[in-house]
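Novice: Please read through the structure below; I'll follow up with questions.
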Amino acid sequence: MTDRFSPADRTAALESLLVERELVDPAVMDGFIARYERDVGPMNGARVVARAWTDPSYLAWLRDDATAAIADLGFTGPQGEHMVALEQTDDLHHVVVCTLCSCYPWPVLGLPPSWYKDPAYRSRVVREPRAVLAEMGCSLPADVRIEVWDSSAEVRYLVVPQRPAGTEALGVDELAELVTRDAMVGVARL
């Protein structure tokens, strides 16, 4: 038997029921959605990365105290209390996982993608990171070492991807548009 209602239909029906029973205020929900679209999300991390690419003193600060450097750009809050920045290089590739649950740096990356919370990703990326990355479209040369970082309630990571070649003339805003969430988790390269 197939379900004739799509996930969108079921979501709309559930929302309607919650509003009808006055368990949810639509204005409050709209506020949450707007906040995550405007103020919390990968665009924040992209701004951090673009600033690090263009400002050597900021990059040094980010290396030394990522929490403070990120907070200086206004990105703070739960899940961002203790941040560590990891820089990609030609020889070293970082990838982030949370093996226990789904600890994720919400202030700079927004909501975690479903694959990040998936038990298969959480267990396999630790055992066979090169294979998992390749399956996700990130094939790395054999001579590139991979380090897997396990996020926790105590520390969360932001991967600083390598700046793409040919972007020397771009400003911070233009550079930020090139940065993806997946690159800041380490499952993609730019």
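The values are calculated or read from the model by the stated rules, or taken from the named source; none is laboratory data. Model, not experiment: these values are computed from the prediction. Every residue, glycine as well, gets a Cβ built from its backbone with ideal geometry; the counts of neighbours run over all protein chains shown. The area values use the complete protein model at the heavy-atom level, side chains included, leaving out ligands, DNA and RNA. Shrake-Rupley method; radii C 1.70, N 1.55, O 1.52, S 1.80 Å.
Novice: Restricting to region 99-136, and then to whatever is of a type in the set (S, T, N, Q) and touching a Ser or Thr at 6+ places or on another chain (Cβ under 9 Å), can you tell me which residue is farthest from Leu73 (Cα to Cα)?
Specialist: Ser123
Novice: Show me the helices (runs of 4 or more DSSP H) found entirely inside region 95-186 where at least 1 residues are among the aliphatic types (A, V, I, L, M).
Specialist: Fully inside region 95-186 and qualifying: 106-109, 119-127, 129-135, 172-176, 181-185.
Novice: Same structure again: Looking at Leu86, Leu133, Leu62 in this structure, which one is under 26 Å from Val172 (Cβ atoms), within 16 Å of the chain's Cα centre (by Cα), surrounded by 15 or more Cβ atoms within 10 Å (Cβ to Cβ) and at pLDDT 95 or above?
Specialist: Within the list Leu86, Leu133, Leu62, the selection yields Leu86.
Novice: Same structure again: List the pairs whose first member sits in region 107-120 and is touching a residue at least 24 places away in the same chain (Cβ under 8 Å) and more than 16 Å from Val132 (Cβ to Cβ), whose second member is open to solvent by less than 10 Å² (accessible area, probe 1.4 Å) and in a helix (DSSP H, G or I), and whose Cβ atoms are under 7 Å apart, counting only residues at least 6 apart or on separate chains?
Specialist: Taking only residues 6 or more apart or on different chains, the pairs are Pro107/Asn44; Val108/Asn44; Val108/Gly45; Val108/Val48; Val108/Ile70; Leu109/Gly45; Leu109/Met184.
Novice: I'd like to check something: does region 67-82 contain any residue that is of a type in the set (Gly, Ala, Ser), in contact with a strand residue (DSSP E or B) (Cβ under 6 Å, 6 or more places away or on another chain) and either assigned to a helix (DSSP H, G or I) or open to solvent by 80 Å² or more (accessible area, probe 1.4 Å) (or both)?
Specialist: There is no residue in region 67-82 that is of a type in the set (Gly, Ala, Ser), in contact with a strand residue (DSSP E or B) (Cβ under 6 Å, 6 or more places away or on another chain) and either assigned to a helix (DSSP H, G or I) or open to solvent by 80 Å² or more (accessible area, probe 1.4 Å) (or both).
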